[in-house]
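Asks: Sending over a structure as structure tokens; questions will come in a sec.
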């Protein structure tokens, strides 16, 4: 059933027909415009619109506004949106980052601009020298969940809150599933009120398109299982040897192993090096060995044979003691031989091709986004998908790292523009595509693997079902791999996250909340039976 004719907000500082009247946005605006608030809203529901409404309210009172965002692309995106929907001039809204404006020019820019959109590091450096926080009646913080520890948001707001006249608006799509960190954000920002919405809220439903989520359970090929079992032999031996150095490792098994557990052991051993001397160096080599073997196991079962072969090639070039230890193991030599001979069909890849092919045949204007954890997987998918008749696929990855050449910010922007215009219809992305950057809405989002993080799960889903168009989300899960545990972990954490935000909201309003219950689940089969 279609929505009523769109109505738009009228205001002297807002351009006609630019900001749609959405009930939930107006409800949130009315609650937060005069108090220190945190707004939790999923990707695609218009956090920046709400921020713009509050910003205009403050400008109408003759106050200036400071809008902070973690990266230069996000700053430029917010400034562009504000200029696009308001009657403010180019000089009224300025972007200030270390790259866009020299220190000499910044003092003059701060003095003239009504809205300064900036990275927090730049502002922290300029406080008291070129910029005075007392000039601003409102500070908006995008990705406010970062306001923990020694992040620049914390230092800036600490200074700002010492002023008599101050107001803070925090924005986030996903504040995380750690209640203590959420409370830390609230304390650091002086939050007095929380507004939260999700797709189930009554004032949101009329503005949402349908989003169909489905997971696809894939059987692991027998040949892959056999190689996995060989890896487990070497990994189990390594864990048993590690158990002689730390009791934390004694009960670890290959199928229940997480990188987080191994890194915790590694960090504890490093702290104890001074007390126990050189005996722990061998233990640290064993931890590194276990991390590398566990990673090989994970990418073989979750990413596929070709990506695993690439990792083995890297191991062969690795000069570390851990890699040498792996290469010297007789079973590892057998693992290499089996991988070299494997010509098994990659079921995840074939499923991906089938899903995308079918989707593009249904819609000429389809836009597909594929998320993959590793760059090697992204490269493989782009290569394979471009062999399909209707596919024009392109990679979207982060900037250059030690792992290899990435994309510059200019290349990232050009790729998104090309995707928006239809030069490409499939965008294959690493985690960079989960972040707050302005990616065009898609008709299908495909997770090549689940992610254990609630934040990342929500951000990935939020890339479809926007702008009045229905969307699909498909999650590929390899049976008997880490995929199953990761999927259920993200679901549990998402439930926790919303529960904790409501708990914080109730605490701030002087209410109490009962014990939060979240079911544990690790296997898809447990759900089916």
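The values are calculated or read from the model by the stated rules, or taken from the named source; none is laboratory data. Everything numeric here is computed off the predicted structure, so don't read it as measured data. Cβ: placed from backbone, ideal geometry, glycine included. Neighbour counts: every protein chain shown.
Asks: Would you confirm, using the coordinates I've provided, whether residue 27 is surrounded by fewer than 22 Cβ atoms within 10 Å (Cβ to Cβ), at pLDDT 95 or above and within 30 Å of residue 470 (Cα to Cα)?
Replies: yes
Yes/no per residue for (1) assigned by TED's automatic domain parsing to the domain that holds residue 397; (2) touching a residue at least 60 places away in the same chain (Cβ under 8 Å); (3) not in a helix (DSSP H, G or I):
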{"site": "449", "(1), (2), (3)": "yes, yes, yes"}
{"site": "460", "(1), (2), (3)": "yes, yes, no"}
{"site": "475", "(1), (2), (3)": "yes, yes, yes"}
{"site": "496", "(1), (2), (3)": "no, yes, no"}
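Asks: Sticking with this structure for a sec: Conditions first: (1) at pLDDT 95 or above; (2) within 25 Å of residue 176 (Cβ to Cβ). Residue 75 passes all but one, so which condition is the exception?
Replies: (1)
Asks: Given the conditions (1) within 22 Å of the chain's Cα centre (by Cα); (2) under 19 Å from residue 193 (Cβ atoms), report the number of the one that residue 36 does not fulfil.
Replies: In the conditions (1) within 22 Å of the chain's Cα centre (by Cα); (2) under 19 Å from residue 193 (Cβ atoms), residue 36 misses (1) alone.
Asks: For the list (1) surrounded by 15 or more Cβ atoms within 10 Å (Cβ to Cβ); (2) modelled with pLDDT under 90; (3) more than 31 Å from the chain's Cα centre (by Cα), I need the number of the one condition that residue 335 fails.
Replies: (2)
Asks: Please go through the stretch 504-529 and pick out each residue that is at pLDDT 50 or above, in contact with a helix residue (DSSP H, G or I) (Cβ under 7 Å, 6 or more places away or on another chain) and in a helix (DSSP H, G or I).
Replies: Scanning the stretch 504-529 gives a single hit, 504.
Asks: Test residue 25 against the criterion of being in a helix (DSSP H, G or I) and in contact with a helix residue (DSSP H, G or I) (Cβ under 6 Å, 6 or more places away or on another chain), and give yes or no.
Replies: In short, yes.
Asks: Of all residues in the stretch 122-135, count the ones that are in contact with a helix residue (DSSP H, G or I) (Cβ under 7 Å, 6 or more places away or on another chain) and either outside the structural domain of residue 185 (by TED's automatic domain parsing) or surrounded by 17 or more Cβ atoms within 10 Å (Cβ to Cβ) (or both).
Replies: Matching residues across the stretch 122-135 total 6.
Asks: Looking only at the stretch 112-129, count every residue that is without any contact (Cβ under 8 Å) to a residue 12 or more places away in the chain and assigned to a strand (DSSP E or B) and tell me the total.
Replies: Residues that pass the stated criteria total 0.
Asks: Let me ask something additional. Does residue 227 fit the bill of being surrounded by 16 or more Cβ atoms within 10 Å (Cβ to Cβ) and either touching a residue at least 60 places away in the same chain (Cβ under 8 Å) or assigned to a helix (DSSP H, G or I) (or both)?
Replies: When the stated conditions are applied, residue 227 passes them.
Asks: Name the helices (runs of 4 or more DSSP H) wholly inside the stretch 263-365 in which the number of residues that are farther than 30 Å from residue 469 by Cβ and without any contact (Cβ under 8 Å) to a residue 40 or more places away in the chain is 2 or more.
Replies: Because the criterion is at least 2 residues that are farther than 30 Å from residue 469 by Cβ and without any contact (Cβ under 8 Å) to a residue 40 or more places away in the chain, the helices (runs of 4 or more DSSP H) in the stretch 263-365 that meet it are 279-302, 305-317, 321-327, 330-341.
Asks: Scan the stretch 238-251 residue by residue and report those that are free of Cβ contacts under 8 Å to residues at least 12 places away in the same chain and in a helix (DSSP H, G or I).
Replies: 240, 247 - these are the residues of the stretch 238-251 that are free of Cβ contacts under 8 Å to residues at least 12 places away in the same chain and in a helix (DSSP H, G or I).
Asks: Would the stretch 193-208 turn up any residue that is farther than 30 Å from residue 30 by Cα and not in a helix (DSSP H, G or I)?
Replies: No, every residue in the stretch 193-208 fails to be farther than 30 Å from residue 30 by Cα and not in a helix (DSSP H, G or I).
Asks: For the stretch 93-119, which positions are touching a helix residue (DSSP H, G or I) at 6+ places or on another chain (Cβ under 8 Å) and closer than 18 Å to residue 55 by Cα?
Replies: Correct list: 93, 94, 95, 96, 110, 114, 115, 116, 117, 118, 119.
Asks: Restricting to the stretch 136-148, and then to whatever is outside any strand (DSSP E or B) and either touching a helix residue (DSSP H, G or I) at 6+ places or on another chain (Cβ under 7 Å) or at pLDDT 95 or above (or both), can you tell me which residue is surrounded by the most Cβ atoms within 10 Å (Cβ to Cβ)?
Replies: 147
Asks: Here's something else I'd like to know. Only one residue in 163, 171 is assigned to a loop (DSSP other than H, G, I, E, B), touching a residue at least 12 places away in the same chain (Cβ under 8 Å) and over 18 Å from residue 499 (Cβ atoms). Which one?
Replies: Answer to the selection: 163.
Asks: Could you check the stretch 209-220 and list, in sequence order, the residues that are exposed (fewer than 12 other Cβ atoms within 10 Å of the Cβ) and either part of a helix (DSSP H, G or I) or touching a strand residue (DSSP E or B) at 6+ places or on another chain (Cβ under 6 Å) (or both)?
Replies: 214, the sole residue that qualifies.
Asks: With 55, 59, 45 as the choices, which residue is at pLDDT 95 or above and under 23 Å from residue 174 (Cβ atoms)?
Replies: Of 55, 59, 45, the one residue that is at pLDDT 95 or above and under 23 Å from residue 174 (Cβ atoms) is 55.
Quick grid of which residues meet (1) in a helix (DSSP H, G or I); (2) in the same structural domain as residue 186 (by TED's automatic domain parsing); (3) within 30 Å of residue 457 (Cβ to Cβ):
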site: 57; (1), (2), (3): yes, yes, no
site: 76; (1), (2), (3): yes, yes, yes
site: 88; (1), (2), (3): no, yes, no
site: 107; (1), (2), (3): yes, yes, no
site: 110; (1), (2), (3): yes, yes, no
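Asks: Checking residue 57 against (1) within 22 Å of residue 161 (Cβ to Cβ); (2) touching a strand residue (DSSP E or B) at 6+ places or on another chain (Cβ under 7 Å), only one condition comes out false. Which one?
Replies: Failed condition: (2).
Asks: Looking at the stretch 371-392, which of its residues are closer than 22 Å to residue 457 by Cα and not in a helix (DSSP H, G or I)?
Replies: 371, 372, 373, 374
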